[in-house]
Amino acid sequence: MTDLEQQAIAVISESENGVLQSELWKVLGVDSRKCSRIVKKLLDMNRVERVEHRQDGIKTYRLIACRGPVDPNLLLAGADLIPCIACECECNVEECAMLLDWMFQLAISGALPEDEGSTDDDNESVFPDEQDAH
């Protein structure tokens, strides 16, 4: 994808209601012909949808960003798939036993990243008398 195509998709994605094609070329700083080519490529890649729109009696198109497929890596922690993916329960994620169990299993299996700031020295007591008791 070219820089202009990336800029176009960014502009279109910023607006929940999309962007008028007649405005997009002005924002990108290109002529309407170049903008039409960019839009055609984005349509061919299924990155945007185009809906006919009339503004002051003039036909233009509203460009709306398409939602892309979910990145599967967002559903994984290590090699474990998040249990919510196939769950049919309507629960509160803060109280979901399956999700809490999954997170606990991740924590004890070492699949979660280590805290880079902690060291073995952090476990030592700051009180001299207690250090001798270890």
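Can you give me the Rg/Rh ratio for segment 3-65, using Cα atoms for both radii and the Kirkwood formula for Rh? Intermediate values should be presented prior to the final figure.
Details: Rg = 10.6 Å, Rh = 11.4 Å.
A ratio of 0.92.
For a distance above 17 Å, tell me the whole-number percent of Cα pairs in segment 1-109 that qualify.
Working: 3742 of 5886 pairs.
Cα-Cα pairs in segment 1-109 separated by more than 17 Å: 64 percent.
Every read-out reported here was derived from the displayed coordinates using simple, explicitly stated rules and does not represent laboratory data. Here the structure is a predicted model, which is why all the values come from computation and not from measurement.
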